[in-house]
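Have a look at the structure below, then the notes.
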Amino acid sequence: MKYKCLVLDHDDTVVNSTATIHYPCFEAYLSDRKPHLVGKFDLPTFFEKNFDPGVLEFFAKDVGLSEKEMEEEEYYWRDFVKNHIPEAYEGMKEILERFLSEGGIIAVASHSLSYYIERDYKANGLPQPSIIYGWELPKEKRKPEPYPLLDLMERYHLSPDEILMVDDLKPGFDMARAAGVPFAAAGWAHDIERISSFMRRHCDFYLGSVKELEALLFEG
């Protein structure tokens, strides 16, 4: 294998979740708490705002949530996610099983909570990651900060070029760049011009399908 460690984002990289869970949750929250904003942010816009500037800045600046409302929204989101399990993308299970069987390390760096990431992996029959860096970490230790990748290098004695980061959004790209780690853009969840054009210009790899990830990991 070209890489010893595969670091995966979760939402819209391993599981199809924004369109089926996170955006419907956001719309339900607005309907309950900010009805005057219902319909203002469609799904492509929601993807774009998560891409850049990121979900926290989006909620604070565009949606206009106060710090207290941000906490309320997070609890609302946690309760919603508790009862909704996303489906893994076709082919992901086989890739992860093969990567592990050939001696690879699988890690997750995500803005979802570790508990739900573990649940989603189990529900979809995916092999559990060796380590997860989730939303419950303090801000300075979660994506886009480079801590997850730096910690992996120290923990498993890896060099940056032995790791591949795969993510569909800019926070993962920023994290990989800060740590000097190769980055592959997961382009199978959406086809939004602003996002795909940035990723194609700046990333080491742009993957339009899960099958292309398999080819990248096991080439030669």
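Values in this text are rule-based calculations from the coordinates and carry no lab data. Given the structure is predicted, the values throughout are model-derived calculations rather than measurements. Virtual Cβ from ideal backbone geometry, glycine too; neighbours counted across all protein chains shown.
Evaluated against (1) in a strand (DSSP E or B); (2) free of Cβ contacts under 8 Å to residues at least 60 places away in the same chain; (3) of a type outside the set (D, E), V108 falls short on exactly one condition, (2). Residues that are more than 19 Å from S17 (Cβ to Cβ) and touching a helix residue (DSSP H, G or I) at 6+ places or on another chain (Cβ under 8 Å) within segment 185-198 comprise R194, F198, listed in sequence order.
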